[in-house]
Amino acid sequence: MLIKCNVCDEGMLEKKSKFRLNGVLALIGLLLLAPSIPGIFLGFSGLFSAGGRVLEATEPNTTMGFMAAGGFSLGVIIISLIGGLLGFLLTMRKNILQCDYCGAVVAAG
């Protein structure tokens with residue numbers, strides 16, 4: 001069902017989806033979002049491999065090294081989650097109604 005435009009009284013409103021923020025910020029969001037997924041998997045794989053090596057280690061110095069590697073992996077996971085969340089927020093979309101004749105925009109709420 002098409003709705004007649006109240007601004008120009010000639011065009012019809014079409015439902016469209018646009019980024020909530022401008023295109024540059026959406027591109028930055030995509031650049032933040034893309035490496036976050038592999039970063040999370042890489043962090044979890046490092047965390048599990050370091051955790052297994054801590055259990056196998058017998059000397060205190062090697063145990064501390066493996067625990068530091070586990071802490072680094074945990075840091076990678078946290079940074080990847082924060083980057084992914086920020087990237088998702090920057091790439092969110094909204095639904096609008098736009099006139100095909102005059103280009104007036106109405107929120108599709």
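Within the range 1-29, restricting attention to residues that are outside any loop (DSSP other than H, G, I, E, B) and within 16 Å of the chain's Cα centre (by Cα), the residue that is nearest to Gly87 (Cα to Cα) is Gly29.
In the range 1-13, the residues that are surrounded by 12 or more Cβ atoms within 10 Å (Cβ to Cβ) form Cβ pairs under 7 Å with partners that are aromatic (Phe, Trp, Tyr), at six or more places apart or across chains, as follows: Cys5/Tyr101; Cys8/Tyr101; Gly11/Tyr101.
The residues of the range 42-66 that are among the aliphatic types (A, V, I, L, M) and either modelled with pLDDT of 80 or more or closer than 28 Å to Leu32 by Cα (or both), listed by number, are Leu42, Leu47, Ala50.
The values are calculated or read from the model by the stated rules, or taken from the named source; none is laboratory data. This structure is a prediction, so every number in the text was calculated from the model and none was measured. Note: ideal-geometry Cβ built from the backbone for every residue, glycine included; neighbour counts use all protein chains shown.
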